[in-house]
Amino acid sequence: MKLANKRLRGALATTLLLTLAGPAAAFTLDSDEPITVSADSARLDDGQGIAEYNGAVELIQGKTRLTADKVMLYRSGDDLNRVEATGSPARYQQPARDGSGETDARALSITWSATDNQLTFEREAVIQQNGNLFRGDVIHYDTVRRVVTAEGGAETTTGGGRVEMIIQPRSTSNRQGSDGSSESQ
């Protein structure tokens with residue numbers, strides 16, 4: 001029983017890291033590719049380093065896309081140090097690094113902070129990748145330490161207020177053990 005629990009915990013941790021590794025990498029926005037933003041309206045305050053975009057906002061860099069009702073970008077000098085997106089829901093999409101699918105994340109609020117190395121999905125947060133699902137009221141991801149913290153919300157008529165995960169089984173032809181080694185069948 002202890003071995004089964006250990007393997008399950010290892011599989012859960014691996015799935016979470018693989019699911020969330022994609023979003024964290026893109027929010028550093030240190031790519032050489034330009035960021036294209038389109039919206040119904042924009043307000044740029046160069047002196048304060050703040051850009052506010054409203055109405056069907058699309059922020060695109062390469063194949064990474066953030067869509068929201070409102071996006072705030074905060075700069076310090078030449079560096080982008082915070083992105084705040086709100087929507088009903090705001091949505092973040094990025095191809096997986098290994099080319100096997102796409103990370104699709106949504107929440108009413110999505111925040112990336114360079115200062116804290118933190119990616120936060122708040123209120124009705126859902127992250128999906130390759131059939132795996134992670135849901136909670138608040139999901140924090142430390143992009144440097146690769147630590148995920150999730151919180152359930154208050155119990156409502158539409159949800160139990162708990163964190164939920166759905167993990168798809170691995171292919172039977174190439175399974176990995178909890179220590180990362182391959183197990184053939």
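Nothing in this text is a laboratory measurement; each read-out follows from the coordinates by a stated rule. A quick note: this is a predicted structure, and the numbers were derived from the prediction, not measured. All Cβ positions, glycine included, derive from the backbone under ideal geometry; neighbour counts span all protein chains shown.
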_Please list, in order along region 49-57, the HN-Hα scalar couplings obtained from phi with the Karplus expression 6.51 cos²θ - 1.76 cosθ + 1.60 (θ = phi - 60°), rounded to whole Hz, x for Gly and Pro._
x, 10, 10, 10, 10, 10, x, 6, 6
*Sequence-distant or interchain residues sharing an amide H contact under 5 Å with Gly101, placed H: which?*
Ala96
*asked:* Give me, ordered by chain and number, the residues 5 or more places off Thr143 or on other chains with an amide H under 5 Å from its own placed amide H.
replied: Gln118, Leu119
*Can you give the FRET efficiency for Ser88 and Arg145, using 1/(1 + (r/R0)^6), R0 = 30 Å, r = Cβ-Cβ distance, to the nearest 0.05?*
0.45
*Pull out the extension gain between Ile167 and Arg75, defined as 0.36 nm times the separation in residues minus the alpha carbon to alpha carbon distance; nm, one decimal.*
29.4 nm
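Please identify every one of the trypsin sites (Lys or Arg not before Pro) in region 35-89 that sits in a loop by DSSP and has no more than 13 other beta carbons within 10 Å of its own beta carbon.
Sites meeting the loop and neighbour criteria: Lys63.
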